[in-house]
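Q: Below: one structure in structure tokens.
The values are calculated or read from the model by the stated rules, or taken from the named source; none is laboratory data. Remember, predicted model here, so these are calculated numbers, not experimental data. Cβ: placed from backbone, ideal geometry, glycine included. Neighbour counts: every protein chain shown.
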Amino acid sequence: MDVLSKSVGTVFPATQTTITAIAGDGIGPEVMRAVQRILAAAGAMITWEEAEAGAEVFRRGIASGVPQDTLDSIARTGLVLKGPLETPVGFGGKSANVTLRKFFELYANIRPVRELPGITTPFSGRGIDLVIVRENVEDLYTGIEHMQTAGAAQCLKLITEPGSERIIRLAFALTQAEARSRLVCATKANIMKMTEGMMKRVFERVSPEYASVTPTHMIIDNCAHQLVIAPEQFDVIVATNMNGDIISDLAAGLVGGLGVAQSANIGDSAAMFEAVHGSAPQIAGKDLANPTALLLSTVMMLRHIRDFTAAEKVEQALLVTLEEGRNLTGDVAPKGTGVGTTAFTEQVIANLGRVSRYPSRQYQPLQMPVWPDVVWHRPTLHETVGLDVFVETDAAPEALAASLQAVIGGSAFTLKMIENRGAQVWPARTGKPFLVDLFRCRFMLSAPTGNADAEIAQLIGRISAGHHWMHLEKLQRFDGVDGYTLAQGEN
Ligand code: NAP
């Protein structure tokens with residue numbers, strides 16, 4: 001593609017913005033230095049507050065990987081540009097990345113996926129230009145895991161109505177801010193009707209408020225399939241945490257891979273911008289790293305602070321550099337022509353003020369949904385109707401049922417069914433499920449009671465006498481609707 005040599009305007013906000021810069025591990029310091037040089041040359045009015053996180057901090061014994069000084073800096077600035085953080089294997093506690101997302105409630109992970117000039121992939125020429133909005137703090141990533149028996153592990157998939165509502169509203173707001181028109185909500189609501197279904201229901205409830213956006217629901221596995229066979233059909237996709245994690249990496253692969261993938265983590269009080277790639281220790285300190293992903297993330301940051309002019313200038317200089325294909329880093333350059341991080345950075349700086357043939361969107365400020373406006377629906381009628389008791393045993397289902405019925409005789413409960421890994425095994429159904437030592441035994445209250453908790457306490461006392469239970473779930477109804485699902489085969 002040719003390059004037009006129009007100049008970009010240089011109207012920046014009159015005030016300095018302070019940003020916490022975490023260079024991070026491995027190639028982090030090199031790509032951070034490159035980006036800071038480009039921003040300074042572009043005249044962006046940014047003051048950096050340098051802070052640390054990652055491997056060195058873990059080595060000093062700080063289990064979160066993030067020292068208090070860094071947390072204080074972020075609390076002050078509300079803005080972070082972050083290099084990759086190594087997750088040490090064998091020492092350290094949690095991931096420092098997850099710590100930062102959780103501490104500052106950065107609930108939206110935004111991953112634009114756009115075909116870049118000069119980066120050839122099997123999908124080049126298809127016009128891929130989409131954004132994935134991933135819920136960033138709930139779902140399986142709450143990290144609530146338990147061993148139920150020595151051989152059965154469980155992870156809690158926690159999805160809330162306000163958590164779904166704020167991410168969906170943000171996805172609609174982003175669709176409008178980028179003058180896009182289609183929003184796909186991708187879920188697995190066909191199987192997980194309560195958790196994934198929550199996001200689908202909220203999506204359907206709020207979508208009429210956004211008349212300019214066409215809403216569509218898509219099953220997540222079909223979405224993954226469609227992303228590969230016809231990615232150009234997508235504008236914006238919103239998904240729960242785990243699904244969003246997977247499809248955003250898949251989508252990055254369509255346009256050149258993680259090395260050029262950008263991201264923003266946004267919350268009500270802070271926002272953190274980072275490249276998707278990791279610390280690439282094999283090439284660290286060798287002037288080989290490509291700073292494109294962090295630079296594109298920085299462009300997102302400039303738009304977030306409403307410096308649209310600087311964002312445009314830096315983005316266009318990068319696109320001109322990629323289009324012309326001169327002085328590209330080895331990972332994307334034609335074979336044998338690659339240069340180092342420093343030479344690439346200087347090429348981008350030299351191209352500041354030039355405009356590529358690759359147009360930018362007409363970005364508008366993103367109107368973030370405000371937390372108090374998020375609705376939490378409270379039921380008027382809240383009943384307890386039964387109890388699921390998870391029991392560890394090697395007994396056969398018939399023997400387990402007989403021993404449970406023997407101890408609950410005369411209580412307020414009846415034993416309705418027993419299941420193993422989700423399929424009813426008592427009363428027996430057709431088929432031959434493989435049995436493990438973890439059974440869920442469903443007890444229903446025989447009649448409504450004014451004191452279900454006392455009845456439950458009694459029931460557990462009776463069961464404890466001869467059985468090993470490890471987990472209880474109340475069966476509840478909200479405004480007459482069951483708040484639990486049936487086992488496979490249960491009526
Ligand atoms: P990685 O660091 O992304 O590196 C994988 C390979 O991708 C590198 O070896 C390199 O390939 C290439 N690469 C990545 N970024 C590049 C860049 N900017 N320029 C040129 N080439 C680049 O993935 P990983 O090896 O799985 O992870 C390493 C560490 O990073 C781990 O500790 C992981 O936990 C951490 N990590 C952190 C984050 C984060 O902070 N957000 C994200 C992912 C991983 P070649 O070797 O072929 O040159």
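Residues are listed down the side, and each one gets a yes or a no for (1) within 16 Å of the ligand (Cβ to nearest atom); (2) among the hydroxyl-bearing types (S, T, Y); (3) crowded, with 17+ Cβ neighbours inside 10 Å:
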{"position": "L322", "(1), (2), (3)": "yes, no, yes"}
{"position": "D331", "(1), (2), (3)": "yes, no, yes"}
{"position": "T341", "(1), (2), (3)": "yes, yes, yes"}
{"position": "P365", "(1), (2), (3)": "no, no, no"}
{"position": "L387", "(1), (2), (3)": "no, no, yes"}
{"position": "V391", "(1), (2), (3)": "no, no, yes"}
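Q: In addition: Mind listing just one residue for me: the one in segment 293-312 that is over 15 Å from A40 (Cα atoms) and among the charged types (D, E, K, R) and, of those, surrounded by the fewest Cβ atoms within 10 Å (Cβ to Cβ)?
A: R306
Q: Regarding M199, is this residue over 28 Å from T121 (Cβ atoms) and either buried (at least 16 other Cβ atoms within 10 Å of the Cβ) or among the hydrophobic types (A, V, I, L, M, F, W, C) (or both)?
A: Details: over 28 Å from T121 (Cβ atoms): yes; either buried (at least 16 other Cβ atoms within 10 Å of the Cβ) or among the hydrophobic types (A, V, I, L, M, F, W, C) (or both): yes.
Answer is yes for this residue.
Q: For segment 153-177, what are the residues that are charged (D, E, K, R) and either in contact with a Pro (Cβ under 9 Å, 6 or more places away or on another chain) or at pLDDT below 95 (or both)?
A: E161, E165, R166, R169
Q: Which of the residues belonging to segment 227-241 are away from the ligand (no atom under 16 Å from the Cβ) and either in a strand (DSSP E or B) or touching a strand residue (DSSP E or B) at 6+ places or on another chain (Cβ under 9 Å) (or both)? Spell out the reasoning first.
A: Going residue by residue through segment 227-241, those that are away from the ligand (no atom under 16 Å from the Cβ) are 227-240.
Once the filter is applied, which keeps residues that are away from the ligand (no atom under 16 Å from the Cβ) and either in a strand (DSSP E or B) or touching a strand residue (DSSP E or B) at 6+ places or on another chain (Cβ under 9 Å) (or both), segment 227-241 yields L227, P231, E232, Q233, F234, D235, V236, I237, V238, A239, T240.
Q: When you scan segment 82-96, do you find a residue that is under 13 Å from G244 (Cβ atoms) and within 16 Å of the ligand (Cβ to nearest atom), even just one? So that I can check it myself, show each step before the final result.
A: Step one: filter segment 82-96 for residues under 13 Å from G244 (Cβ atoms), giving none.
No, the conditions are met nowhere in segment 82-96.
Q: Taking segment 27-83 only, how many residues are surrounded by fewer than 24 Cβ atoms within 10 Å (Cβ to Cβ) and at positive phi?
A: Residues flagged as surrounded by fewer than 24 Cβ atoms within 10 Å (Cβ to Cβ) and at positive phi within segment 27-83 amount to 3.
Q: Is there a residue in segment 242-250 that is near the ligand (Cβ under 8 Å from one of its atoms), out of contact with any strand residue (DSSP E or B) (no Cβ under 6 Å at 6 or more places or on another chain) and either under 26 Å from C223 (Cα atoms) or outside any strand (DSSP E or B) (or both)?
A: no
Q: Mind counting the residues in segment 153-183 that are part of a strand (DSSP E or B) and of a type outside the set (A, V, I, L, M)? Don't jump to the end; show me each part of the working.
A: Our first condition is that a residue be part of a strand (DSSP E or B); within segment 153-183, this holds for 153-155, 158, 182-183.
Okay, now just the ones that are also of a type outside the set (A, V, I, L, M), so 154-155, 182.
Number satisfying all stated conditions: 3.
Q: Could you grab me the full set of residues in segment 266-289 that are under 14 Å from G24 (Cβ atoms) and of a type outside the set (G, A, S)? Break it down into steps so the answer makes sense when it comes.
A: Residues of segment 266-289 under 14 Å from G24 (Cβ atoms): 272-281, 284-285, 289.
Within segment 266-289, M272, F273, E274, V276, H277, P281 meet the criteria.
Q: Also, quick follow-up: Are any residues in segment 96-123 of a type in the set (S, T, Y) and modelled with pLDDT under 95, and if so, which ones?
A: T99, T120, T121
Condition check ((1) more than 26 Å from D245 (Cα to Cα); (2) free of Cβ contacts under 8 Å to residues at least 40 places away in the same chain; (3) away from the ligand (no atom under 16 Å from the Cβ)) across all residues:
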{"site": "G256", "(1), (2), (3)": "no, no, no"}
{"site": "I266", "(1), (2), (3)": "no, no, no"}
{"site": "Q282", "(1), (2), (3)": "no, yes, no"}
{"site": "L295", "(1), (2), (3)": "no, no, no"}
{"site": "M300", "(1), (2), (3)": "no, no, no"}
{"site": "R303", "(1), (2), (3)": "no, no, yes"}
{"site": "L319", "(1), (2), (3)": "yes, no, yes"}
{"site": "L328", "(1), (2), (3)": "yes, no, no"}
{"site": "K335", "(1), (2), (3)": "yes, yes, no"}
